[in-house]
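Asks: Submitted below is the structure of interest, expressed as structure tokens.
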Amino acid sequence: MQNGTEKSAIVIGAGVAGMSAACALADSGLNVRLVERRSYLGGRASSYLHPGVNEVIDNCQHVLFGCCTNLIGFYRRIGADEKIHWTRSMTMIEPGGRPTLLASSQWLPAPLHGLPSLLRAKTLTRHDKMALARAFGALLRPVPTNSRENLGDWLRRNGQTQGAINRFWRLVIASALNADIDVIALPYAAKVIRELFLNSAQAGAMGMSSVPLSELYAGAEEFLKQHRGKVVFNAGVEAAEWDEETSQWTLATRAGILVADYLVLALPFEAAAKLLPHMPPADGVSSLAGQIERHGHSPICSVHLWFDREITSLEHAVLLDREIHWMYNKSRLQPWRKTNGSYLELVISASQRFAALTREEAIDLSLRALAEFFPAIATAKLEKAALVKEVRATFTVPPGIDGFRPTSTSPWPNCVLAGDWTATGWPSTMESAARSGHLAAEAVCAALGAPRKFLNPDLKPRGLMQLLSPSS
Ligand SMILES: Cc1cc2nc3c(=O)[nH]c(=O)nc-3n(C[C@H](O)[C@H](O)[C@H](O)COP(=O)(O)OP(=O)(O)OC[C@H]3O[C@@H](n4cnc5c(N)ncnc54)[C@H](O)[C@@H]3O)c2cc1C
């Protein structure tokens with residue numbers, strides 16, 4: 001943009017959606033302020049100093065995958081991509097400690113790259129493996145996005161065994177989508193299977209940050225500074241007014257009044273609902289309110305445990321048949337922490353029951369479960385522990401959800417919507433948030449008459465999957 005015609009934008013909400021929108025707009029020459037209610041970046045994917053344990057912890061372990069092209073693109077823009085540790089293998093452990101390594105073959109083309117380790121898996125019976133192979137075969141072609149079927153019904157219709165349901169679908173897929181199989185829209189489950197297991201080994205590679213999440217995003221604040229923008233912390237937005245004459249927005253925030261030409265609302269759906277009554281009246285507001293009302297939340301809990309010794313040399317593992325789903329060995333993933341013993345984080349997805357436990361009950365249950373997988377627990381001393389409950393962790397993806405995910409177009413002039421819950425086609429993930437941010441930035445640039453492309457293309461399917469992709 002030329003000097004003298006510089007336009008300004010305010011992005012409300014410094015989660016992944018807001019940060020990616022703000023950085024893309026600053027990159028396009030807009031004067032950007034990223035306005036955040038809290039005193040740190042990251043929203044639902046953040047870290048903070050936990051006073052109880054005096055350690056900086058993530059609100060929960062966040063993983064990404066190679067197919068998250070917009071999140072990776074955002075990380076590249078802010079120089080954070082080097083801080084992601086990638087792996088192409090996953091260990092499943094049964095109570096009693098027997099491990100199964102799932103890894104992709106370097107020799108077989110997609111979608112066969114995962115087959116050898118699936119066939120060798122000790123945790124699944126022959127019938128389970130045949131059922132899974134049948135299901136994967138059926139999902140080689142994309143499911144119509146307007147399918148109203150839920151995953152549970154589809155699994156039963158496609159002859160999935162109890163073992164395949166409990167040890168694969170319930171654990172891997174239901175926890176990726178953070179909901180029970182009976183309330184997951186089939187097209188979303190199919191998308192996860194295709195991206196993580198079929199399209200290519202690169203798409204299914206799993207990434208984890210080697211630094212606390214808010215530190216990962218420090219580059220976003222720096223990027224904005226270098227592009228004459230800034231983050232305004234502790235500035236919860238309470239109301240917004242549109243001035244027809246000046247074509248500008250005026251925001252009332254906890255940090256004072258802010259004015260800008262363009263507005264991006266990058267809020268979670270419940271915060272957007274709270275702000276709606278304090279936005280100007282406009283056609284379409286009640287329809288947006290109706291769309292928001294149909295969204296629901298699902299919880300995720302994490303238990304953080306510090307022991308006086310090493311419990312396992314594994315970086316991470318899927319724990320089978322118990323209430324704890326994932327183990328992340330933070331001492332291995334973040335070696336700079338330099339603990340004498342080890343720091344493990346356990347993640348429990350979509351468990352209303354676990355979210356209702358007290359701290360003592362949750363830690364006790366976690367230790368008892370962990371002892372069934374790792375014998376070292378019996379002699380280890382627990383030095384400190386923390387429980388983090390995120391009851392509004394993700395939005396649910398019931399059948400028909402695409403009918404009520406709004407696009408970036410808002411009811412107001414010069415104002416666009418972002419946030420993981422808007423219409424990106426992705427479930428509640430950082431990738432969905434980054435996509436929404438990029439789409440919102442594209443919409444602002446288009447409105448300015450200076451269109452730009454920010455949405456990163458999807459990874460192309462590899463091997464035999466190229467023949468089965470929708471464009472072939
Ligand atoms: C426990 C947990 C585990 C998860 N695990 C994963 C995972 O492994 N992988 C993955 O991809 N995703 C995961 N997710 C989901 C992921 O964190 C979210 O999808 C993503 O971070 C959402 O980003 P967002 O920017 O859309 O929203 P948010 O992150 O919610 O950002 C919105 C921001 O707006 C701010 N805000 C709210 N109201 C106002 C206001 N009035 N004024 C100013 N600011 C305001 C909030 O403080 C917040 O910072 C997990 C989420 C949780 C909670």
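Asks: How many angstrom lie between the Cα centre of the stretch 398-472 and the Cα centre of the stretch 121-163?
Replies: 28 Å
Asks: Hey, with R₀ at 25 Å, roughly what FRET efficiency would Arg156 and Asp402 work out to, going by the Cβ-Cβ distance, to 0.05?
Replies: After rounding, the FRET efficiency stands at 0.60.
Asks: May I have the pair-distance distribution P(r) for the stretch 1-93, computed from all Cα-Cα distances with 10 Å bins from 0 and rounded to whole percent?
Replies: Computed distribution, short to long bins: 14, 35, 32, 14, 4, 1, 0.
Asks: Return the subset of Lys274/Lys330; Lys7/Lys274; Lys230/Lys338; Lys83/Lys225; Lys191/Lys330 for which the Cα-Cα distance in this structure is over 31 Å, preserving the input order.
Replies: Table pairs above 31 Å Cα-Cα are Lys274/Lys330; Lys230/Lys338.
Asks: In the chain, how does Rg compare with the Kirkwood Rh, expressed as the Rg/Rh ratio over alpha carbon atoms?
Replies: Ratio of gyration radius to Kirkwood radius for the chain: 0.97.
Asks: Among Ile184, Ser147, Ile93, pick out the residue whose Cα is farthest towards the positive end of the charge dipole of the stretch 84-191, where Lys and Arg carry +1 and Asp and Glu carry -1 on C-beta, about the Cα centre.
Replies: Farthest towards the positive end: Ile93.
Asks: Restricting to DSSP H runs of at least four residues, report the calculated mean residue ellipticity at 222 nm for the chain, -39500 (n - 2.57) per run over all residues, nearest 500 deg cm²/dmol.
Replies: Helices in the chain give a 222 nm mean residue ellipticity of -7500 deg cm²/dmol.
Asks: Ok, one more. Over the stretch 45-144, what is the mean sequence separation of C-alpha contacts under 8 Å (at least six apart), divided by residue count, expressed as relative contact order in percent?
Replies: It rounds to 13 percent for the stretch 45-144.
Asks: Calculate, for Thr409 and Lys83, the FRET efficiency according to 1/(1 + (r/R0)^6) with r their C-beta to C-beta distance and R0 25 Å; round to the nearest 0.05.
Replies: Computed FRET efficiency for Thr409 and Lys83: 0.15.
Asks: To the nearest 10 square angstrom, how much accessible area does Leu171 have with a 1.4 angstrom probe?
Replies: Approximately 10 Å² for this residue.
Asks: For His85, enumerate residues with amide H under 5 Å from its amide H, sequence gap 5+ or separate chain, H modeled in the peptide plane.
Replies: Met208, Ser209, Ser210
Asks: If Lys83, Lys274 are ordered by their accessible area, calculated over protein heavy atoms with a 1.4 Å probe, which sequence runs from highest to lowest?
Replies: Working: Lys83 75, Lys274 155 Å².
Ranked from most to least accessible, the order is Lys274, Lys83.
Asks: I would also like to ask the following. For Ser8, which sequence-distant residues (separation of 5 or more, or a different chain) have an amide H within less than 5 Å of its own amide H, given hydrogens modelled in the peptide plane?
Replies: Asn31, Asp261, Tyr262
Asks: To continue, here is another question. Taking 8 Å as the Cα distance limit and 6 or more residues as the minimum spacing, I'd like the relative contact order of the chain as a percentage.
Replies: Relative contact order of the chain: 24 percent.
Asks: Further, regarding this structure: Length gain on complete extension for the stretch Lys122 to Lys274, per 0.36 nm per residue less the alpha carbon to alpha carbon distance?
Replies: That works out to 49.7 nm of additional length.
Asks: Sorting check: for 65-72, 107-114, which peptide has the highest mean count of neighbouring beta carbons within 10 Å, and how do the rest follow? Before the final figure, lay out each step's value.
Replies: Values: 65-72: 22.9, 107-114: 17.9.
Per-residue mean Cβ counts within 10 Å order the peptides as 65-72, 107-114.
Asks: For the residue pair Lys384 and Ala371, what label-to-label distance in nm results when each label sits 7 Å from Cα along the Cα-to-beta-carbon direction?
Replies: According to this spin-label approximation, the distance is 2.4 nm.
Asks: If you don't mind, another one. Which net charge results for the neighbourhood of Asp261, defined as the other residues with beta-carbon distances under 12 angstrom from its beta-carbon, given Lys and Arg at +1 and Asp and Glu at -1?
Replies: 0
Asks: What is the sum of charges around Arg167, taking Lys and Arg as +1, Asp and Glu as -1, for the other residues whose C-beta is under 13 Å from the C-beta of Arg167?
Replies: Around Arg167, the surrounding residues sum to +2.
Asks: Taking the Cα centre of the chain as origin and charging only Cβ (+1 Lys, Arg; -1 Asp, Glu), how large is the dipole, in debye to the nearest 20?
Replies: That gives a dipole near 1440 debye.
Asks: Estimate the FRET efficiency between Glu238 and His50 by the formula 1/(1 + (r/R0)^6), using the beta-carbon distance for r and 35 Å for R0, to the nearest 0.05.
Replies: On the way: r = 29 Å, r/R0 = 0.82.
Given R0 = 35 Å and the Cβ-Cβ separation, E is 0.75.
Asks: Now a separate question. For the stretch 228-240, in order, what is each residue's ³J(HN,Hα) by Karplus, 6.51 cos²θ - 1.76 cosθ + 1.60 with θ = phi - 60°, in whole Hz (x at glycine and Pro)?
Replies: 6, x, 7, 9, 10, 7, 6, 10, x, 7, 9, 7, 9
Asks: Would you check the accessible area of Leu155, probe 1.4 Å, heavy atoms only, in square angstrom rounded to 10?
Replies: Its heavy atoms expose roughly 0 Å² to the probe.
Asks: Any chance you could check the Cα centroid distance between the stretch 53-103 and the stretch 254-296 for me, in angstrom?
Replies: 32 Å
Asks: Could you please report the charge total around Ser469, scoring K, R as +1 and D, E as -1 over all other residues with beta-carbon less than 15 angstrom from its beta-carbon? Spell out each step's value before the answer.
Replies: On the way: positive: Arg141, Lys191, Arg194, Lys460, Arg462; negative: Glu195, Asp458.
Here the count lands on +3.
Asks: Now for a separate question. Starting from the Cα of Asp308, move 7 Å in the Cα-to-Cβ direction to define the label point; list residues of the stretch 379-410 whose amide nitrogen is under 14 Å from there.
Replies: Inside the label zone: 379-384.
Asks: For the residue pair Ala446 and Val391, what label-to-label distance in nm results when each label sits 7 Å from Cα along the Cα-to-beta-carbon direction?
Replies: 3.9 nm
The values are calculated or read from the model by the stated rules, or taken from the named source; none is laboratory data. Source: prediction; values computed, not measured. Quick reminder, even Gly has a Cβ in these numbers, built from the backbone with ideal geometry, and neighbours come from all protein chains shown. Ligands, DNA and RNA are excluded from the accessible area calculation, which covers all protein heavy atoms including side chains. Shrake-Rupley method; radii C 1.70, N 1.55, O 1.52, S 1.80 Å.
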